[in-house]
Amino acid sequence: MPEKSNSIKTIPLKKIRPNPSQPRKYFDPDAMEALTNSIERFGVLSPITVRECGDDMYELICGERRYRAAYNAGLTHIPCIIVDASHSDCAILSLLENLQREDLSFLEIAESYRELVKEQGFTSRELSRRLGGRPYVISERMSLMRLDPIVRKYIRSFHLSERQAAALLKIHDSSRQIDAVRQICENGLTESETLKYIADLVKSDDEPNVRINKIKDIKILRNTLNSAVGLIRRSGIDAEYSECNGEEGHEFVIIIHN
């Protein structure tokens, strides 16, 4: 028989499944150890939130840290608030709890947004309505998942800011992204220094394309001048054509003899 919505019950840990949509991917070892010690001494003071998922099993919605710490502390049972929630509601509630507690990094939030869009079919506008954020902010955060996984690992490990992460998106080649984030982290660049470094890097990346276009233009000009001199000669006029590279640039000379 289904449990009454929002009722509290002590449930065996072995009957609780982790939340596959858990937005939090990193758990600080020191904080987890402190929580485990607290639970060993005082027990779980605040119930976790679960939902029924059939076969006398439950799925964790909120309280992943307490669930893990209780297991580490050797507990066999844990107090739970049982709510009536669908799978999609479960994912939203789990994300909301972490957002309200400001427990998630911006990359974890971005990954949660992407998973909700991918697995639940939400649009940015639907997510903004359910979570309370603006659609463009959600879209911009999701775009961070385009960063190379190695780049995201550097961002997490060196605690780069969201603006630094967003700036790296301007570098489209993944290998260049990795080189750039390595330089930023190893040299301890500040946010403003990072923005300038990436702007200069992107600008320098554009220069070879400009140079290639100039070379192509020179080749077209050379062929045009050669054709013009050939036409002059075929008309019976003595003409010479020469070309050289000077300090100020390419020099083309056509001499028409008297």
Margin query: Looking at the stretch 118-138, I want the residues that are under 13 Å from residue 92 (Cα atoms) and have a partner that is open to solvent by less than 70 Å² (accessible area, probe 1.4 Å) with Cβ atoms under 6 Å, at least 6 apart or on another chain. Which pairs are those?
Written below: 120/88; 122/116; 127/138; 128/135; 128/138; 130/92
Checklist line | Members of the stretch 127-186 found to be farther than 18 Å from residue 199 by Cβ and hydroxyl-bearing (Ser, Thr, Tyr), listed by number | finding: 128, 136, 139, 143, 154, 157, 174, 175
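Out of curiosity, is residue 71 modelled with pLDDT of 80 or more and open to solvent by 30 Å² or more (accessible area, probe 1.4 Å)?
yes
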Next item on the list: Could you list, in sequence order, all residues of the stretch 110-157 that are within 9 Å of the chain's Cα centre (by Cα) and crowded, with 19+ Cβ neighbours inside 10 Å?
Entry: 110, 111, 141, 142, 144, 147, 151, 152
Next item on the list: For residues that are at pLDDT 80 or above, open to solvent by less than 40 Å² (accessible area, probe 1.4 Å) and within 29 Å of residue 154 (Cα to Cα), tally how many sit in the stretch 74-108.
Entry: 3
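The values are calculated or read from the model by the stated rules, or taken from the named source; none is laboratory data. Just so it is clear, the model here is predicted, and its values are computed rather than measured. Virtual Cβ from ideal backbone geometry, glycine too; neighbours counted across all protein chains shown. For the accessible areas, the whole protein counts, side chains as well, though only heavy atoms, and no ligand, DNA or RNA atoms are used. Shrake-Rupley method; radii C 1.70, N 1.55, O 1.52, S 1.80 Å.
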